[in-house]
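Undergrad: Take a look at this one; I'll ask things after.
The values are calculated or read from the model by the stated rules, or taken from the named source; none is laboratory data. In this text the structure is predicted, and so the values were computed from the model without any measurement. For neighbour counting, all protein chains shown are included, and Cβ atoms are generated from backbone atoms with ideal geometry for every residue, glycine included. The accessibility values were calculated without ligands, DNA or RNA, using every heavy atom of the protein model including side chains. Shrake-Rupley method; radii C 1.70, N 1.55, O 1.52, S 1.80 Å.
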Amino acid sequence: MTTKATRAVGVDIGGTGIKGALVDLDAGELLSGRVKVATPAGAEPADVLRAVQSVLETLDVTDSDIPLGVAFPAIVKHGRTMSAANVADTWIGFEAEKFFEDGLGREIHFANDADVAGIAEARYGAARGVDGLVLLTTLGTGIGTAFLHDGVLVPNSELGHLQRANKSGDFERWAAYSAVEREQLSWSKWAKRLQEYYSHLEFLLSPDLFIVGGGVSKHADEFLPLLKLSTPIVPAVHRNNAGIIGAAALGLAHEAGVALR
Ligand code: BGC
């Protein structure tokens with residue numbers, strides 16, 4: 001039987017959608033259905049807060065006894081958001097954790113969205129027990145990365161913003177799943193871009209494993225087999241729920257920089 005202490009709520013704020021669920025922290029599985037609302041246009045703090053509140057209300061988890069973890073698509077340092085690639089610039093240097101705590105009237109755990117997906121996969125998924133360097137990438141509105149070494153998360157790696165050599169712009173703009181939607185790319189055209197991105201990461205960091213998360217990871221069979229890399233590359237076991245599960249698990253992991261196993 002699941003006890004209260006092994007449950008937490010995870011909310012994953014993305015550039016396009018805000019998703020939440022109640023999570024069993026022993027099993028690393030959703031205990032409720034997944035609730036999703038669109039990220040409000042412009043993604044200003046007050047609007048995002050209202051959207052998070054509505055997710056919690058729909059889940060019927062406004063009770064502050066249940067731990068709550070919130071994941072956000074930006075650099076997060078000491079509870080402040082320090083970048084804003086796909087959200088309003090207001091978030092840069094913003095006391096986001098405190099803002100959510102005040103607005104929701106409860107304590108929260110707060111971290112970068114790709115980092116929490118890394119936490120979920122390290123605890124309950126493809127990175128579990130894997131030694132050496134694991135790079136998890138989320139391919140969605142942006143490209144998020146989690147850098148895990150021997151099960152320890154090094155937070156805020158932001159490798160989606162690596163610049164392409166001799167080209168203007170970063171890999172995120174060109175190779176995130178949003179580029180597929182924006183430019184109507186076929187799987188094979190997109191795979192060529194991913195090939196360039198993962199080859200670059202491989203050259204720079206010599207990882208032992210790549211994990212691919214984000215909504216599109218449910219279609220991993222369409223594009224991962226097209227990639228030729230020396231590093232194994234696998235979809236996130238928890239696919240697009242890794243962010244929700246990892247956000248919920250933040251209370252256990254107690255932020256980044258701790259061994260996750
Ligand atoms: C942000 C990252 C985030 C990623 C995925 C990027 O644009 O800079 O912080 O993890 O998008 O949401």
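Undergrad: Cα extents of the range 7-65 along the three principal axes, largest first, in whole Å?
TA: 36, 21, 15
Undergrad: Evaluate 2.2 N^0.38 Å with N set to the residue count of the chain, then give the Cα radius of gyration divided by it.
TA: Numbers: Rg = 17.2 Å, N = 261, 2.2 N^0.38 = 18.2 Å.
Relative to the 2.2 N^0.38 Å estimate, the chain comes out at 0.95.
Undergrad: While we're looking at this one, here's another question. Please work out the FRET efficiency for the pair residue 252 and residue 206, using the Cβ-Cβ distance as r and a Förster radius of 30 Å; give the result to the nearest 0.05.
TA: 0.50
Undergrad: Additional query: Between residue 63 and residue 90, what is the label-point separation in nm under the 7 Å Cα-to-beta-carbon projection?
TA: Each label point is offset 7 Å from its Cα along the Cβ direction, giving 3.2 nm.
Undergrad: With a cap of 13 neighbouring Cβ atoms within 10 Å, and only residues DSSP puts in a loop, list the trypsin sites (Lys or Arg not before Pro) found in the range 138-189. Each step should come with its number before you reach the end.
TA: Working: sites: 164, 167, 173, 182, 189; in loops: 164, 167.
In loop regions of the range 138-189 (DSSP not H, G, I, E or B), the sparsely surrounded trypsin sites (Lys or Arg not before Pro) are 167.
Undergrad: Using Cα-Cα distances under 8 Å and only pairs 6 or more residues apart, what relative contact order does the chain have, in percent?
TA: On the way: 584 pairs, mean separation 58.2, N = 261.
Relative contact order for the chain comes out at 22 percent.
Undergrad: What does the accessible area per residue of the chain come to in Å², with a 1.4 Å probe and no ligands, DNA or RNA counted?
TA: Numbers: 11350 Å² over 261 residues.
Each residue of the chain exposes 44 Å² on average to a 1.4 Å probe.
Undergrad: Please state the relative contact order of the range 130-237 as a whole percent: Cα pairs under 8 Å, 6+ residues apart? Please list the in-between numbers first.
TA: Values: 176 pairs, mean separation 31.3, N = 108.
Once divided by the residue count of the range 130-237, the mean separation gives 29 percent.
Undergrad: What shape does the range 1-154 have by the C-alpha gyration tensor, where a ≥ b ≥ c are the square roots of the eigenvalues, rounded means a/c under 1.5, and otherwise prolate means a/b greater than b/c and oblate the rest?
TA: Numbers: a/c = 1.71, a/b = 1.11, b/c = 1.55.
Oblate, because a/c is 1.5 or more while a/b does not exceed b/c.
Undergrad: Using amide H atoms built in the peptide plane, which far-off residues or other-chain residues are under 5 Å from residue 29 H to H?
TA: Residues meeting the amide H criterion: 24.
Undergrad: Taking amide H positions as placed in the peptide plane 1.01 Å from N, state which residues far from residue 213 in sequence (5 or more) or on other chains have amide H under 5 Å from it.
TA: 137, 138, 139, 236
Undergrad: Whole-Hz Karplus ³J(HN,Hα) for the range 217-228, in order, using 6.51 cos²θ - 1.76 cosθ + 1.60 and θ = phi - 60°, x for Gly and Pro?
TA: Listing the rounded values in order: 5, 6, 9, 3, 4, 7, 10, 5, x, 7, 8, 10 Hz.
Undergrad: Follow-up question, since we're still on this one. Could you derive backbone 3J(HN,Hα) for the range 91-107 from the dihedral phi with the Karplus parameters 6.51, -1.76 and 1.60 (θ = phi - 60°), listing whole Hz in sequence and x where the residue is Gly or Pro?
TA: 6, 6, x, 8, 6, 5, 4, 5, 4, 5, 5, 5, x, 8, x, 7, 6
Undergrad: Return the subset of 36/98; 192/228; 19/77; 19/98 for which the Cα-Cα distance in this structure is over 18 Å, preserving the input order.
TA: Pairs exceeding the cut-off: 36/98; 19/77; 19/98.
Undergrad: For the chain, build the charge dipole from Cβ charges (+1 Lys, Arg; -1 Asp, Glu) around the Cα centre, then report which of 75, 186, 214 sits farthest towards its positive end.
TA: 186
Undergrad: Then there's this: Roughly how many nanometres apart are two label points built 7 Å out from the Cα toward the Cβ at residue 54 and residue 168?
TA: Here the answer is 3.7 nm between the modelled labels.
Undergrad: Next question, about the same structure. Reported to two decimal places, what Rg/Rh ratio describes the range 130-237 when computed on Cα atoms with Rh from the Kirkwood expression?
TA: Numbers: Rg = 12.9 Å, Rh = 13.8 Å.
Result: Rg/Rh = 0.93.
Undergrad: With label points built 7 Å along Cα→Cβ from the Cα atoms of residue 37 and residue 149, find their separation and express it in nm.
TA: 4.0 nm
Undergrad: Report in % the part of the accessible area of the range 150-206 that belongs to carbon and sulfur, leaving out ligands and nucleic acids; probe 1.4 Å. Please list the in-between numbers first.
TA: Values: 1650 of 3120 Å².
Of the solvent-accessible surface of the range 150-206, carbon and sulfur hold 53 percent.
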